[in-house]
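Here is the structure we will look at, set down as structure tokens.
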Amino acid sequence: MAKSSDSPFPPALRADGVQVADLDTSATPGFDGDKATGAKRLVERQQVLSDLQEKLYANGRSGDPRSVLLVLQGMDTAGKGGIVRHVIGSVDPQGVDHAAFGVPTEEERRHHYLWRIERKLPRGGQIGVFDRSHYEDVLVVRVHELVPRQVWAARYDEINEFERGLVEAGTTLVKVAMFVSLDEQRKRLARRLDRPDKYWKFNPGDIDERAYWPAYQEAYQAVLDRTSTDHAPWYVVPADRKWYARLAVTELLIDALSGLELTWPAPAFDVEEQRRRLAES
């Protein structure tokens, strides 16, 4: 498959062999520039991403069933919302299917845990974005023992098969696990408490969840070990530096879209005839 312009990001971010507990969350794998250089690079690459997304959308309008699904997972304050705003926000919103998965509703609890996921899958020609996802059912559910171990333990294989089916149906998965340090999370939560315009983003429960940090690290490690597959690999993004995380995810999306080898769809009409008709109108 074709790849993007020699970006070092995708291979540098593969989850293969990553140990979550030892991860340097302030690192910038695949990029040796500073914040200013990264900001400049992001603007340049956003245009590349936008152009590729337009091709994907155009092909979808012409009946191409292929899509890209960006799965964002991370602890609170990891920057998932920033990715949606600063990366996905750089492309045409008509070509984006976005879904955020919080605590399941009463209706969702009455169904299989993948039911709500299936209802939000991207249509052909779309970049789908999951802010949290089906992985909550082997992360939060595991950490807080919301179901018996034998139930959540069986979900890794089930998720692998589910994602295999998505890929076979034409969806390219870009699974991104974003990691911040415990100290960085504290700083970000404190900033929310210091700004009245950010109070709405603060959840007192986020402080409670900090006590479960080691358990979440174990749960994320299991996710990477059990569900990073050839057809749907995980990418690990150190997220203490927001500018880096946004640039890294941009590169991952460019890489995925480049791999589709998209061309502009052929017209369903005679171009010369339409030129003649237009000139005569």
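Read the figures in this text as sums done on the coordinates, not as results from a lab. Just so it is clear, the structure is predicted and the values come from calculations on it, not from any experiment. With ideal geometry, Cβ positions are generated from the backbone for all residues, glycine too; neighbour counts draw on all protein chains shown.
Quick notes on this structure:
- Estimated FRET transfer efficiency when R0 is 35 angstrom, pair Asn203-Arg61 (beta carbons, to 0.05): 0.35
- Dipole magnitude (debye, nearest 20) for segment 1-94, charges at Cβ of Lys, Arg, Asp, Glu: 280 debye
- Convex hull volume per residue for segment 190-281, taking Cα atoms only, in Å³: 241 Å³
- Amide N of segment 202-245 lying under 16 Å from the label point, which is placed 7 angstrom from the Cα of Ala39 along Cα→Cβ: 241-245
- By DSSP, the beta bridges lying fully in the chain are antiparallel in about 5 percent of cases.
- Subtracting the Cα-Cα distance of Arg210 and Gln274 from their residue separation scaled by 0.36 nm leaves 16.7 nm.
- Listed residues Pro122, Leu139, Gly95: farthest to the positive end of the dipole of the chain (Cβ charges): Gly95
- Equivalent ellipsoid of segment 81-208: semi-axes from √(5λ) of the C-alpha gyration tensor, largest first, are 27, 22, 14 Å.
- Listed residues Leu13, Ala36, Ser26: farthest to the positive end of the dipole of the chain (Cβ charges): Ala36
- Placing +1 on the Cβ of every Lys and Arg and -1 on the Cβ of every Asp and Glu, with nothing else charged, gives the chain a dipole about its Cα centre of roughly 800 debye.
- Sites Glu161 and Ala21 - FRET efficiency at Förster radius 41 Å, r taken between beta-carbons, to 0.05: 0.90
- Cβ-based charge dipole, segment 171-278, positive-most Cα from Val237, Ser258, Ser181: Ser181
- Among 273-281, 119-127, the peptide with the highest mean count of other Cβ atoms within 10 Å heads the list, and the full ranking is 119-127, 273-281.
- Anisotropy class assigned to segment 1-123 is oblate, per the alpha carbon gyration tensor with a/c at or over the 1.5 cut-off and a/b no larger than b/c.
- Placing +1 on the Cβ of every Lys and Arg and -1 on the Cβ of every Asp and Glu, with nothing else charged, gives segment 104-241 a dipole about its Cα centre of roughly 520 debye.
- Amide H to amide H, with H built 1.01 Å from N, Leu173 comes under 5 Å of Leu69, counting only residues 5 or more places away or on other chains.
- Taking 0.36 nm per residue of separation and subtracting the Cα-Cα distance, full extension of the segment from Ser50 to Ala100 would add 15.8 nm.
- Pairs of Cα atoms nearer than 8 Å and 6+ residues apart set the relative contact order; for the chain it is 35 percent.
- In sequence order, calculated HN-Hα J values of segment 147-155 (Karplus, 6.51, -1.76, 1.60; Hz; x Gly/Pro): 9, x, 3, 5, 6, 6, 5, 7, 6
- Segments 191-200, 133-142 sorted - mean Cβ within 10 Å per residue, highest first: 133-142, 191-200
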